[in-house]
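> Encoded as structure tokens, here's the structure I'll be asking about.
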Amino acid sequence: MASDSLPTPPSTTLTPTPAAAAAASGSQSATDALTPATGLPPVPTATAAATAGAPTAPPTHAETLEGLLQQIVASNSPSALAGTLRIAVGTPEAREEVLVSTTSTGADPLEALDVAQHTIGALYILSARLTSASTTAPAIPFAYIDNFCRHFDPEQARLAPERVTLLAKGIMQRAEALGTDKAAIAPLHDLLTRYPPDLSFLTPIHPIFVTTCATTSFFTAALPVLAVPISQISTTLCPDLRYQDHLIYHYVGGIVFTALKRYAEAAEFFELCASAPVAPPTGGTSVARGPSQGPLGISMGGIGIGMGMGMMMMPPGPGSRYFNFSSSDPSMFQVEAAKKLLLVQLILHGKASTQALPLPKYTHPIVANLKGTVYNALARVYPNLEQVHAIAAKEAAAFALDDNLGLLGLVVDRAPRWAIRRLTETYLTLSLSEIGRAAGMEQIEEVRRVVLSMIEEGEIDASIDADGSVSFADEEPAAVSKAETDRALRTAQEQEQVLRRLEREIARSKDYLQKAVRSREEGSSANWPNIEEDLLGGSQGGRWADEAVY
């Protein structure tokens, strides 16, 4: 995505701290007090510390910011430096306190570090400052944040994945604090697209980025990311990746597509969220969050999607409903995704999944079963406009509780169109008044307007005579060009390669091999594929034809 399409961060400049200004106005400037080689204050030696009566610092930990900076600049091994910073100053709390401080001269340590060369060090300091609760921590200009995300070394950053996630959350928090939420989109986009090897790897940054795009109504910024299917999970790349990250990413992605009226993609994302395997119990631990606090630990509340779509970013209700790991119940994100999926399917297909494309069989029963709900009641009568209006009016409070009133409005607006499309399956000619009665529309001019709109948009093949008669014609199958066919074949070939790679990776996994061996020992090997073929990349199956098939 072109960088000029993203919101421009606010222009700010670094302001020297009072201590730095005082040092600069003295007989010796702050610059004079820095060492010539690194531009950093000299590190006190053990002898000097002893002379001053201070205890000698432990040799394995830096106790001052100057000490950490000296190690950052002097290190020629990013992996070793990452390990050092991880245990620096003894405790995480003490380390963070040191990282958010300034040097003894009041200088900003980030000014002494080159982003590309000293990515690890700058990452630790930057993420600490952005997430610190301290009121004395020096402010970070968005210009520096943007510069870091554009020029950091991805290889170095992958040595400290938890700090990358912390940085992403800090960027979002900083933008909210400044009241310029859109300013977070550009740096988050750069961080997301540069940190993983490619966008097919799910990272904790994915849900943070799409959430920011949705809450700021800057939906198009998320499209290049959403266009890349998630097919790879790496706990080495993202050891802090949570099961909920993919649920949030696909749930919010569905909201983004819905807001842009790209209903097919919205349905796909909601289905991916709703049908995901349920997280196993983890010892009864539950993550409780406040009613207005989202899963990213950031106050979200409800968001206005625009176009009359007042949909919440996060599932409504008490925070304890979000993630309850004490049982194998589905996440509330999955339940809410199933509700939105049904409404989107009514817009897209004129009927719900139970009548059109059912959810996969492995979907959790609680998620798949919407019987007895207002959503199922709406689907049963759709697109009968009179009954749809009755349910919408009677159950408005229930839809409002889920914050789906805006989406419900779109469903109601589409009902006459689906009623008219069903008439084309039975009749060849109807008058506008007959169409109006069948679709529940009283005004003839309104019927004419809807029919003309459907003809222009290619929803029906029909013509209106001067006397108000509408003649329907059989829809001709859409012509498929050679280029479209070739493109579809290339996509299928690419997906085949991805599936084969995933199959080989699964076949090499410890759990798979243990189950396969146990199954063979129990005499049920017929249910398992040939392991040797999987490991060697065999069982290639049929090959694609080189020529396009028509």
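> Kindly evaluate residue 197 against the criterion of being out of contact with any helix residue (DSSP H, G or I) (no Cβ under 7 Å at 6 or more places or on another chain), of a type outside the set (S, T, N, Q) and closer than 22 Å to residue 499 by Cβ.
It is true that residue 197 is out of contact with any helix residue (DSSP H, G or I) (no Cβ under 7 Å at 6 or more places or on another chain), of a type outside the set (S, T, N, Q) and closer than 22 Å to residue 499 by Cβ.
> Follow-up. Testing residue 106 on (1) assigned to a helix (DSSP H, G or I); (2) under 16 Å from residue 64 (Cα atoms), one condition comes back false. Which one is that?
(1) is the only condition that residue 106 fails.
> Where residues in the range 422-437 are surrounded by 16 or more Cβ atoms within 10 Å (Cβ to Cβ) and out of contact with any Gly (no Cβ under 7 Å at 6 or more places or on another chain), which of them is nearest to residue 379 (Cα to Cα)?
In this case the residue turns out to be 423.
> Taking the condition more than 21 Å from residue 231 (Cβ to Cβ) and part of a helix (DSSP H, G or I), does residue 159 pass?
Working: more than 21 Å from residue 231 (Cβ to Cβ): yes; part of a helix (DSSP H, G or I): no.
No; evaluated as a whole, the condition is false for this residue.
> I've got another one for you. So residue 228 ticks every box in (1) more than 26 Å from residue 368 (Cβ to Cβ); (2) touching a helix residue (DSSP H, G or I) at 6+ places or on another chain (Cβ under 8 Å); (3) among the aliphatic types (A, V, I, L, M); (4) not assigned by TED's automatic domain parsing to the domain that holds residue 365 but one. Which box is left unticked?
(2)
> Would you point out the residue of the range 99-155, among those that are among the polar types (S, T, N, Q), at pLDDT 95 or above and closer than 19 Å to residue 171 by Cβ, that is nearest to the chain's Cα centre (by Cα)?
Here the residue is 127.
> Do the conditions hold for residue 145, that is, is it buried (at least 21 other Cβ atoms within 10 Å of the Cβ) and among the aliphatic types (A, V, I, L, M)?
yes
> Looking at the range 366-387 only, could you name the residues that are surrounded by 17 or more Cβ atoms within 10 Å (Cβ to Cβ), out of contact with any Leu (no Cβ under 7 Å at 6 or more places or on another chain) and not in a loop (DSSP other than H, G, I, E, B)?
Across the range 366-387, the qualifying residues are 367, 374, 377, 378, 385.
> Are there any strands (runs of 3 or more DSSP E) wholly within the range 409-475 with 3 or more residues that are in the same structural domain as residue 348 (by TED's automatic domain parsing) and more than 26 Å from residue 399 (Cβ to Cβ), and if so which?
Values: elements: 429-431, 462-464, 469-472.
Those strands (runs of 3 or more DSSP E) do not exist here; none qualify.
> Within the range 65-103, work out how many residues are β-branched (Val, Ile, Thr), part of a loop (DSSP other than H, G, I, E, B) and in contact with a helix residue (DSSP H, G or I) (Cβ under 9 Å, 6 or more places away or on another chain). Steps first, answer last, please.
Filtering the range 65-103 down to residues β-branched (Val, Ile, Thr) leaves 72-73, 84, 87, 89, 91, 98, 100, 102-103.
Next cut, part of a loop (DSSP other than H, G, I, E, B) only: 87, 89, 91, 100, 102-103.
Checking the rest, the ones that are also in contact with a helix residue (DSSP H, G or I) (Cβ under 9 Å, 6 or more places away or on another chain) come to 87, 89, 100, 102-103.
Going through the range 65-103 one residue at a time, the tally reaches 5.
> Hey, any hits in the range 165-184 for a residue that's outside any helix (DSSP H, G or I), of a type outside the set (A, V, I, L, M, F, W, C) and modelled with pLDDT of 95 or more?
no
> Given (1) within 28 Å of residue 435 (Cα to Cα); (2) free of Cβ contacts under 8 Å to residues at least 60 places away in the same chain, where does residue 406 come up short, assuming only one miss?
In the conditions (1) within 28 Å of residue 435 (Cα to Cα); (2) free of Cβ contacts under 8 Å to residues at least 60 places away in the same chain, residue 406 misses (2) alone.
Yes/no matrix, rows are residues, columns are (1) in contact with a strand residue (DSSP E or B) (Cβ under 8 Å, 6 or more places away or on another chain); (2) in contact (Cβ under 8 Å) with a residue 40 or more places away in the chain:
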| residue | (1), (2) |
| --- | --- |
| 362 | no, yes |
| 377 | no, no |
| 391 | no, no |
| 416 | no, no |
| 440 | no, yes |
| 455 | yes, no |
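The values are calculated or read from the model by the stated rules, or taken from the named source; none is laboratory data. These figures come from a predicted structure and were not determined experimentally. As a convention, Cβ positions derive from the backbone with ideal geometry for all residues, glycine included, and neighbour counts pool all protein chains shown.
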